[in-house]
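The values are calculated or read from the model by the stated rules, or taken from the named source; none is laboratory data. Because the structure is a prediction, the values reported are computed rather than measured. Every residue, glycine as well, gets a Cβ built from its backbone with ideal geometry; the counts of neighbours run over all protein chains shown.
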């Protein structure tokens, strides 16, 4: 764990993939599960880079599907941390789809995923603080704190 923390940019991850027939339904739309799986992978990698530990997914707060992704599109999953607690981290994933012929790119999905860093025994372990540098990062962190508080309240209701 770094005492002073890590910058958001230290752990950003981008995964890229061309969507093929194995990813789509009969109408040529990419399955939502494919998008969610890749979002989880990108977010987990960002959380591992930040924590320098193994991580486990504990929540997927939301996955908003703004528009469909079609067969043959070039898709990117851009993941960055928005919040860090003692052992938990929230990661925002923005999904963009680009038509490879004309270069037109659109944001198709956003998701917020929460991870906990674990030690070799599988126990939660502390992570470095998150250093915020830009106005946008500060705004996202404030919204992430609100989501974290909502999650805590939801867990309290379940007990």
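Hey, does the stretch 33-42 have a residue that's part of a loop (DSSP other than H, G, I, E, B), surrounded by 19 or more Cβ atoms within 10 Å (Cβ to Cβ) and touching a residue at least 24 places away in the same chain (Cβ under 8 Å)?
No, the stretch 33-42 contains no residue that is part of a loop (DSSP other than H, G, I, E, B), surrounded by 19 or more Cβ atoms within 10 Å (Cβ to Cβ) and touching a residue at least 24 places away in the same chain (Cβ under 8 Å).
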Single unsatisfied condition, residue 47 versus (1) closer than 30 Å to residue 122 by Cα; (2) part of a strand (DSSP E or B): (2)
Residue count, the stretch 1-32 (criterion: surrounded by fewer than 19 Cβ atoms within 10 Å (Cβ to Cβ), outside any loop (DSSP other than H, G, I, E, B) and touching a strand residue (DSSP E or B) at 6+ places or on another chain (Cβ under 7 Å)): 8
Do we find that residue 52 is more than 16 Å from the chain's Cα centre (by Cα), in contact (Cβ under 8 Å) with a residue 40 or more places away in the chain and surrounded by fewer than 16 Cβ atoms within 10 Å (Cβ to Cβ) in this structure? yes
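Let's see how each residue does on (1) in a helix (DSSP H, G or I); (2) more than 13 Å from the chain's Cα centre (by Cα); (3) touching a residue at least 12 places away in the same chain (Cβ under 8 Å):
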site	(1), (2), (3)
72	no, yes, yes
78	no, no, yes
92	no, no, yes
106	no, yes, yes
133	no, yes, yes
142	yes, yes, no
149	yes, yes, no
Inspect all residues belonging to the stretch 115-124 and state whether any of them is surrounded by 11 or more Cβ atoms within 10 Å (Cβ to Cβ), at pLDDT 95 or above, closer than 21 Å to residue 63 by Cβ and touching a helix residue (DSSP H, G or I) at 6+ places or on another chain (Cβ under 7 Å). yes
